[in-house]
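Inspection log for the structure reproduced underneath, given as C-alpha cells.
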Amino acid sequence: MAVLEAQSISIVFGGLKAVSNFDLKLEKNELVGLIGPNGAGKTTVFNMLTGVYNPTSGNIVFDRNDSGDYKSIVGAKPYQITQMGVARTFQNIRLFKDLTVLDNVKIALHFNVKYNALKAILRTPAFFKEEMELTEKARELLKIFSIQDKENELAKNLPYGEQRKLEIVRALATNPKVLLLDEPAAGMNPQETQDLMHLIKFIRDKFGLTILLIEHDMGLVMGICEKIVVLDYGQTIAVGTPAEISKNPRVIKAYLGEEVDAGA
C-alpha cells in the first residue's frame, strides 16, 4: 500500500498553473527520484507534500493502512505533517547556524518530549533524565553520519558537505516514515556525491524509510533510484525505471531540447 499519495494535485499562483494534475504513489521502503528542468515544479511539489503550500485542487493522503483507511494532510501545518511522519531537507540549507551541531539535532528530537514547561523551569529529575536520553540519541545519530566529533561546533562552521549531512540527521531525528530530500548533492564535489549515494541507501535500509529526492545530478539519480518521475512545466511527462527514463524521447527533449530547422 502507498505510504504517501498525491492524487491529481494542482496549484495556481495568480494566473500561473505551477503544477498540474500531479499523481504520485510512494510505497514503503521505495527510493524514488523526482527530476526535471529548472522551473519544472519539483520544489513546489515538495512544498505541497509538506504543508508549505495547499494544493488548489486534488488531495494528498498519508499512511494508508491495509484496510484502505488514510489521512488527508491537505490543510495541515508543516509541523503537524512532520509529527505525522513526513520530514524534509531543503535546497538551501536551513540549519540553526548559531547553535551547536548537537543542539540542532536535539531541537528535532524535542517533538517527542514528555516533560512539560513547568518541569523544565523547575529542572526536575524527570526533566534531566529525559534531556540526557535525548542527548544520547542525538549522539547516536551523529555517529551514524561520522560527525559525532563535531557536536560542540557551531553548525555554521561545518564544511558544506557536513552541513548537508547535519540537515539529514536533523530530519531523521523526527522519526519519519517518509523522507523528502531536496537536492541533497547540491554544491558537493564528485567524491562527496559518491559518499552521499551510499549514505542515502544506508539510511533507507537502516531506518526502513521511504525516500523521495529531487536532484539534478543524474549520476546520483540513476545510481540509487528504483523509480523516477519526470516533471516538465508542472506536468508529469514520464514515470519509470532509470533505464526507461534514460531512453524516453520526451525526457530527452525536455532536457536537451529538439532540433530546429535553421531555414525555417
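General observations
- When Glu192, Glu215, Glu226 are screened for being of a type outside the set (Lys, Arg), touching a Cys at 6+ places or on another chain (Cβ under 9 Å) and touching a residue at least 24 places away in the same chain (Cβ under 8 Å), only Glu215 passes.
- Extreme residue, nearest to Asn175 (Cα to Cα), among residues of region 55-70 that are of a type outside the set (A, V, I, L, M, F, W, C) and surrounded by 14 or more Cβ atoms within 10 Å (Cβ to Cβ): Asp63
- Residue in region 141-148 that is assigned to a loop (DSSP other than H, G, I, E, B) and on the phi < 0 side of the Ramachandran plot present: yes
- Top-ranked residue of region 130-152 - restricted to ones that are more than 22 Å from Lys206 (Cα to Cα) and touching a Phe, Trp or Tyr at 6+ places or on another chain (Cβ under 9 Å), ranked as surrounded by the most Cβ atoms within 10 Å (Cβ to Cβ): Glu130
- Test: residue in region 181-190 that is within 16 Å of Asp103 (Cβ to Cβ) and assigned to a strand (DSSP E or B): no
- The number of residues in region 14-54 that are open to solvent by 30 Å² or more (accessible area, probe 1.4 Å), assigned to a loop (DSSP other than H, G, I, E, B) and polar (S, T, N, Q) comes to 3.
The values are calculated or read from the model by the stated rules, or taken from the named source; none is laboratory data. On a predicted model such as this, the values are computed, not experimentally measured, just so you know. Virtual Cβ from ideal backbone geometry, glycine too; neighbours counted across all protein chains shown. When the accessible area is computed, the model is the full protein with side chains, heavy atoms only, and any ligands, DNA or RNA have been set aside. Shrake-Rupley method; radii C 1.70, N 1.55, O 1.52, S 1.80 Å.
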